[in-house]
1. Based on the Cα atoms of the stretch 2-223, what semi-axes does the equivalent ellipsoid have, where each is the square root of 5 times one gyration tensor eigenvalue, given in whole Å with the largest first?
2. Using the count of nearby Cβ atoms within 10 Å as a rough guide to exposure, how do 177, 38, 47 rank from fewest to most?
3. Among 144, 208, 42, determine the one that fluctuates most according to a GNM of the chain built with springs between C-alpha atoms less than 10 Å apart.
4. Kindly provide the helix-only [θ] at 222 nm of the chain, computed as the sum of -39,500 (n - 2.57) over DSSP H runs of four or more divided by all residues, to the nearest 500 deg cm²/dmol?
5. Would you mind telling me which residue in 147, 71, 200 has the biggest mean-square fluctuation in a Gaussian network model of the chain, where springs connect alpha carbons within a distance under 10 angstrom?
6. When the Cα centres of the stretch 1-47 and the stretch 96-130 are compared, how far apart do they sit, in Å?
7. Indicate, rounded to the nearest 5 percent, the antiparallel portion of the DSSP beta bridges found entirely in the stretch 2-223.
């Protein structure tokens, strides 16, 4: 079973998907971390969007998600970059490179491969991103689309940074989120949009536990 969770930045996708997968005994695939890993690679190589070398570089790059005792690790060419991809600079760059067609094509193919491997092993998968239910797995058994006010999403993102010891400014985060929303919804390739058969959940005034409870109930109902 594939559970697709989409929504804009800061809507609660990652935290919710992680706990939901744990409760269901499913594998959690954080597709955003894959874009962050590519962003880190580009940063290290000094690659900018539009660089003619992008396709060639991607052909020789391996992005993997592995689990060790229940902890997710993101590997870039066998290097564990799980911590390195969480900076504000990488967050901003990943937003920009996610609009590049060849990047999306490579990662969508990899996301499908990972999910299919999990299913072949007899397990369910919870995938979150911005185009999971519309592009990556349009036939997913159940889809959710999470939304929340931009101000609340900025507050959550600020809290995440503070908990990680990263300096950040609320007003700048809010501006970045609004800008990200515009880029995500207006890009030509796989724009952020709600799948017609997705269950919409406004998380603005919901606690984390309430979000997970609503989604878990919907999934268990669908399975029975």
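FYI, it's all coordinate maths here, none of it is from the lab. This structure is a prediction, so every number in the text was calculated from the model and none was measured. Don't worry about glycine lacking a Cβ; one is built from the backbone with ideal geometry, like all the others, and counts go over all protein chains shown.
1. 25, 22, 17
2. 47, 177, 38
3. Evaluated over the chain, the most mobile residue of the options is 208.
4. That calculation yields -16000 deg cm²/dmol at 222 nm.
5. It is 71.
6. 10
7. For the stretch 2-223, the DSSP antiparallel bridge percentage is about 30.
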